[in-house]
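**Student:** Have a look at the structure that comes next, please.
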Amino acid sequence: MCGIVAYTGFREARPILMEGLKRMEYRGYDSAGIAILNGGLHVSKAPGRISVLESQIKPDEMRGTCGMAHTRWATHGAPTQINAHPHVDASGRIAMVHNGIIENYQSLRTYLKDKGVEFKSETDSEVLVQLIAHFYDGDLEVAVRTALRDVRGTYGIAVICADEPDKIVAARKGSPLIIGVGDDEYVVASDAAAIIQHTTSVIYLSDGEMAVVWNDGFRTMTLDNVPVTKQVTDLEISLTDIELGGYPHFMLKEIMEQPQAAADCMRGRVNIDEGRIHLGGLANLARELVRTKRIIITACGTAWHAGLVAEYLFEDLARIQTEVEYASEFRYRNPIITDQNVVIAISQSGETADTLAALREAQEKGAIALGVVNVVGSTIARETDAGVYLHVGPEIGVASTKAYMGQLLVLTMIALQIGRRRHLSQPDLQMYLDALHAIPEKIERITKQSDAILEVAEKFKDANNWLYLGRGYNYPTALEGALKLKEISYIHAEGMPSAEMKHGPIALITKDMPVVFIATKNSQYEKVISNIEEVRARKGRVIAVATEGDTEIADMAEHVFYVPDVPEPLQPLVSIVPLQLLAYHAAVLRGCDVDKPRNLAKSVTVE
Ligand code: AGP
């Protein structure tokens, strides 16, 4: 949720920390701060974007080769200068940046207040640095370890102390933390995006682990001070992956990257010559997958919508009973799960707290746990029994687009692989493989409609209530289309199965309401046409996503976005693209910050 970065080495820390913050700004962007060690602690904090902080820093003051910085997504205390991180203890000697939530901060605060500690901010985080200072007796590592024993909640922290130059103490529980290993320099960060510019060699801290890092070495151990040997791995992303590359926004870049991302996602996995699907990451569990009687999918947000498509795919193509669960509900519902069940956790970031907890709950109950994840080395990827990476490259825009595409493709490949081993005939599989192979080119064709879609966005950008409707495989597309519009343009939009409209929402329809139908040619096309008639009868403004060549619908809808014809189970892959562009253009026209929508963050690492 927040982004933390710390540096110790031989170079000036400030530019490295500010650059790292900017690359992590999608994690949270309501306030920011920096602290540099140089004889003492030099701290600067500001509400708002990192550019505000940058404009107030006096470079001469902030000199030094060790420091830390933070970009915030507020959980406790409004996004103000005082509540921004780094938080400094009462003596002004210890500073800390924190990503996560200290759940028992109230009782710790009372305990420290009784000891005479005065607090400056409303945050839960400040309590931890004050607690560390309370236990400080000349050894920062010991003080941090002692303080963390009393803490309940989640954290990724970095701590520095004016009395111990060049040293960073870091620890994680529930929030991601990576250490970039350079030549006599180290970068500790929430995200590889802040490290990639300096080194591709990294260490992933696991839950319950700490690290002590100084300018020419590091040690890793558990919170109980048991040494841990960590493997140094190589990052698979490159700097260009996380740069705009000439686009005005990462979201547009990532929408336009979908043809290539789809090809990368299927490379080495969809083999049309051999007529088979190859998913190396699932090879060890192939037998269990084919034999399982129940699949439970758990996820949040857009990933949950991909899960909903997978429910249709697994029941239709693999004939396996499948349920889709909101991770935040599933984790606390004491669900009925057995060791015969397979649980699939879908997550772009691989760090979403609710999805991680739902996964652990399922594993606790003996289920086989699979991951469908984009970020390599992320916690969900490391904790699942097996899984499939999306291989769509880093996704920076907060609104997920190419990762959603990758999730749909991976789930389709899993369903086809299991289906072929259950009842799907080889000719049917071959038909789907050929259709998948053509998907990148078909998406490419849809992205060419961007300007035409811009015109429709121009026309409806001031409508403040929209409905998105679809049936069958296109019902989740309606939910996802509505979510894209909501999260970046702040227009209220609701997605639902078309038939549900008659049971209430149809009352909302007026001549000012855009109603987006996903009406591609498939087994439920006629039904959708009837629903369109119901909306037209009430003067609703119909916008349709339809199959190329469908002239009938052109007479019924004010605007039609045509998509190439594909088999019904693959229609979510094409029908979402025009809706991504519609939301993007509407948001830009409304002057919204598309890549960093208000109140959101790319990875939700708190409950
Ligand atoms: C989607 O555009 C949003 N960013 C959000 O709903 C997201 O899908 C959700 O937070 C899940 O994130 P994850 O895939 O990283 O777990």
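The values are calculated or read from the model by the stated rules, or taken from the named source; none is laboratory data. Predicted model only: the values in this text are computed from it and were never measured. Positions of Cβ are generated from backbone atoms using ideal geometry, with glycine treated the same way; all protein chains shown enter the neighbour counts.
**Student:** Which pairs have Cβ atoms under 7 Å, sit 6 or more apart or on different chains, and link a residue in segment 470-483 that is in contact (Cβ under 8 Å) with a residue 60 or more places away in the chain and of a type in the set (A, V, I, L, M) to one that is in a strand (DSSP E or B) and buried (at least 24 other Cβ atoms within 10 Å of the Cβ)?
**Tutor:** LEU479/GLY495
**Student:** Identify, from the list VAL577, VAL535, the residue that is in a helix (DSSP H, G or I) and either within 16 Å of the ligand (Cβ to nearest atom) or surrounded by fewer than 21 Cβ atoms within 10 Å (Cβ to Cβ) (or both).
**Tutor:** Exactly one of VAL577, VAL535 is in a helix (DSSP H, G or I) and either within 16 Å of the ligand (Cβ to nearest atom) or surrounded by fewer than 21 Cβ atoms within 10 Å (Cβ to Cβ) (or both), namely VAL577.
Per-residue answers, yes or no, for (1) under 35 Å from the mean Cα position of the chain (by Cα); (2) modelled with pLDDT under 95; (3) of a type in the set (Ser, Thr, Tyr):
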| site | (1), (2), (3) |
| --- | --- |
| SER523 | yes, no, yes |
| GLU526 | no, no, no |
| GLY540 | yes, no, no |
| HIS559 | yes, no, no |
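**Student:** For GLU126, indicate whether it is in a loop (DSSP other than H, G, I, E, B) and in contact with a Gly (Cβ under 9 Å, 6 or more places away or on another chain).
**Tutor:** Against the criterion (in a loop (DSSP other than H, G, I, E, B) and in contact with a Gly (Cβ under 9 Å, 6 or more places away or on another chain)), GLU126 does not qualify.
**Student:** Can I ask one more? What residue, among those in segment 56-81 that are more than 16 Å from CYS2 (Cα to Cα) and either buried (at least 16 other Cβ atoms within 10 Å of the Cβ) or modelled with pLDDT of 95 or more (or both), is nearest to the chain's Cα centre (by Cα)?
**Tutor:** Applying the filter and picking the extreme gives GLY67.
**Student:** I want to confirm something. Restricting to segment 558-574 and keeping residues that are surrounded by fewer than 24 Cβ atoms within 10 Å (Cβ to Cβ) and not hydrophobic (A, V, I, L, M, F, W, C), which single residue is nearest to the ligand (Cβ to nearest atom)?
**Tutor:** The residue in question is PRO569.
**Student:** Looking at segment 15-26, can you tell me whether even one residue there is basic (Lys, Arg) and surrounded by fewer than 21 Cβ atoms within 10 Å (Cβ to Cβ)?
**Tutor:** Among the residues of segment 15-26, at least one is basic (Lys, Arg) and surrounded by fewer than 21 Cβ atoms within 10 Å (Cβ to Cβ), which makes the answer yes.
**Student:** Next up: crowded, with 24+ Cβ neighbours inside 10 Å, in a helix (DSSP H, G or I), hydroxyl-bearing (Ser, Thr, Tyr) and within 16 Å of the ligand (Cβ to nearest atom): does that describe THR355?
**Tutor:** Yes.
**Student:** Sticking with this structure for a sec: Within segment 442-452, is even one residue of a type in the set (Gly, Ala, Ser), touching a strand residue (DSSP E or B) at 6+ places or on another chain (Cβ under 7 Å), surrounded by 15 or more Cβ atoms within 10 Å (Cβ to Cβ) and modelled with pLDDT of 95 or more?
**Tutor:** Scanning segment 442-452 turns up no residue that is of a type in the set (Gly, Ala, Ser), touching a strand residue (DSSP E or B) at 6+ places or on another chain (Cβ under 7 Å), surrounded by 15 or more Cβ atoms within 10 Å (Cβ to Cβ) and modelled with pLDDT of 95 or more.
**Student:** May I ask you to list the residues in segment 558-595 that are out of contact with any helix residue (DSSP H, G or I) (no Cβ under 7 Å at 6 or more places or on another chain) and small (Gly, Ala, Ser)?
**Tutor:** Scanning segment 558-595 gives a single hit, GLY591.
**Student:** Return the only residue of MET405, MET413 being within 16 Å of the ligand (Cβ to nearest atom) and either crowded, with 16+ Cβ neighbours inside 10 Å or among the hydroxyl-bearing types (Ser, Thr, Tyr) (or both).
**Tutor:** MET405
**Student:** Could you tell me which of the residues GLU315, GLU329, GLU311, GLU274 is out of contact with any Lys or Arg (no Cβ under 8 Å at 6 or more places or on another chain), away from the ligand (no atom under 16 Å from the Cβ), without any contact (Cβ under 8 Å) to a residue 12 or more places away in the chain and within 18 Å of ILE346 (Cβ to Cβ)?
**Tutor:** The match here is GLU315.
**Student:** For residues that are assigned to a helix (DSSP H, G or I), in contact (Cβ under 8 Å) with a residue 60 or more places away in the chain and small (Gly, Ala, Ser), scanning just segment 358-390, find the one that is nearest to THR200 (Cα to Cα).
**Tutor:** ALA358
**Student:** Among the residues of segment 358-380 satisfying the criterion of being within 12 Å of the ligand (Cβ to nearest atom) and at pLDDT 95 or above, which is nearest to GLY156 (Cα to Cα)?
**Tutor:** ILE380
**Student:** Considering only segment 580-605, state which residues are within 14 Å of the ligand (Cβ to nearest atom) and in contact with a strand residue (DSSP E or B) (Cβ under 8 Å, 6 or more places away or on another chain).
**Tutor:** THR605
**Student:** Can you tell me which residue is farthest from PRO564 (Cα to Cα) among those in segment 511-532 that are polar (S, T, N, Q) and surrounded by fewer than 16 Cβ atoms within 10 Å (Cβ to Cβ)?
**Tutor:** Here the answer is SER530.
**Student:** Starting from residues that are of a type in the set (Gly, Ala, Ser) and without any contact (Cβ under 8 Å) to a residue 24 or more places away in the chain, keep the ones in segment 484-510 and report whichever is nearest to the ligand (Cβ to nearest atom).
**Tutor:** GLY504
**Student:** Please identify the pairs in which a residue from segment 582-602 that is farther than 24 Å from VAL516 by Cα has its Cβ atom under 7 Å from the Cβ atom of a residue that is part of a helix (DSSP H, G or I) and within 12 Å of the ligand (Cβ to nearest atom), counting only partners at least 6 apart or on another chain.
**Tutor:** Final answer for the pair search is LYS596/TYR26; LEU600/GLU487; ALA601/ARG27; LYS602/TYR26; LYS602/ARG27.
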